[in-house]
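The values are calculated or read from the model by the stated rules, or taken from the named source; none is laboratory data. Just so you know, these numbers come straight off a predicted model, no measurement behind them. As a convention, Cβ positions derive from the backbone with ideal geometry for all residues, glycine included, and neighbour counts pool all protein chains shown.
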Ligand SMILES: Nc1ncnc2c1ncn2[C@@H]1O[C@H](COP(=O)(O)OP(=O)(O)O)[C@@H](O)[C@H]1O
Ligand SMILES: [Mg+2]
């Protein structure tokens, strides 16, 4: 790669006195192995070109590959999304009534992991806050806030309604009463990973109260409908649904390319390397970005200003592993126990798994809840369920 750059002002200040006018400043060309001067040189200076080159060389060697690490993080919500126009348009049309103080319909978003469900929902929240003055938006990750109490508390906290509420000691009914009494601007509540909510009785009041509307997110649409109580099932049958599919290779490439533009030095990576990453990520943007991050870190550590094929190849298993480790860290205690049992077995049948689980925890959850936990771990590619419901076995995904 050959790159021509202007000599940075700061470096002139450290090596030249007086600083030449811009038209008299030399241009420097990076050749990968070194730096060469091009164009005019600064004849007015007493310092030799060698000194300048030496300093420049030093600078090149410490030029960080990553210029903005924030944009490579998983939680980063870009101001511009790639390839989800249809989904965001549909979502904003559904939420439009809120601008007139009306309650939008409940929306269900579903799809595999790493396809932008969370990202799109948060992006809509940012847009809503910018465009509608009188609207509230609250995001709850139900995997983290899995009890009815915690999820409810989280919503009220976001709405600034928990000042005098003491966690644990305030009865749940009182929290519900707060929700009922809320008379602020209409509020959109996103319940992400809603299939992990232990007790879905929270959804009914949220659905019924005119101040609130919901965006429900899960991997499978059925898991949402199965989890909610009967009063709500019929009401949700007619609700808006948006299915997010795995990304195509081109889409992953442009998602990564945007992050490269915002967060890495110029010309940090070739298109065909992005393609290689997209191919390895198999439709999952979380994995693609994790591989990209790992490759960039490798180049950064090697103080190179370009990501090489070796960096990419080494980053592919590392990126997958990082995502897997993050998913393991997300598991709640009961899921972690199941994971540990599976780790100790090649494969195991549901009944033996449940028995082993019961022995290891103090207050075992129902068989149905355990199946629900396992389904989540499957959606996050931590485990594999082989066979049909009759001859099912579980194993860890290696
Ligand atoms: N359309 C998109 N444009 C830009 N970034 C995206 C897009 N879709 C996903 N991402 C990024 O990919 C990662 C995974 O997306 P996420 O929304 O967490 O997936 P999901 O919730 O479906 O599992 C996040 O870091 C997110 O910022
Ligand atoms: Mg998500």
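Tabulated values for the structure
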{"read-out": "Output for region 236-247, where each listed residue is surrounded by fewer than 15 Cβ atoms within 10 Å (Cβ to Cβ) and in a helix (DSSP H, G or I)", "value": "237"}
{"read-out": "Residue within region 81-95 that is in a helix (DSSP H, G or I), over 16 Å from the mean Cα position of the chain (by Cα), within 11 Å of ligand 1 (Cβ to nearest atom) and buried (at least 19 other Cβ atoms within 10 Å of the Cβ) present", "value": "yes"}
{"read-out": "Residue match in region 127-142 (condition: surrounded by fewer than 20 Cβ atoms within 10 Å (Cβ to Cβ) and closer than 22 Å to residue 380 by Cβ)", "value": "yes"}
{"read-out": "1 or more residues in contact (Cβ under 8 Å) with a residue 24 or more places away in the chain, under 23 Å from the mean Cα position of the chain (by Cα) and more than 20 Å from residue 374 (Cα to Cα): qualifying helices (runs of 4 or more DSSP H) within region 304-363", "value": "309-330"}
{"read-out": "Subset of region 96-115 (residues that are modelled with pLDDT of 90 or more and either within 16 Å of ligand 1 (Cβ to nearest atom) or on the phi > 0 side of the Ramachandran plot (or both))", "value": "107, 108, 109, 110, 111, 112, 113, 114, 115"}
{"read-out": "Residue check for residue 250: touching a residue at least 40 places away in the same chain (Cβ under 8 Å), assigned to a helix (DSSP H, G or I) and within 16 Å of ligand 1 (Cβ to nearest atom)", "value": "no"}
{"read-out": "Breaking point among (1) more than 16 Å from ligand 2 (Cβ to nearest atom); (2) crowded, with 21+ Cβ neighbours inside 10 Å; (3) under 30 Å from residue 372 (Cβ atoms); (4) within 19 Å of the chain's Cα centre (by Cα), for residue 293", "value": "(3)"}
{"read-out": "Residues of region 364-375 classified as assigned to a loop (DSSP other than H, G, I, E, B) and in contact with a helix residue (DSSP H, G or I) (Cβ under 8 Å, 6 or more places away or on another chain), total", "value": "2"}
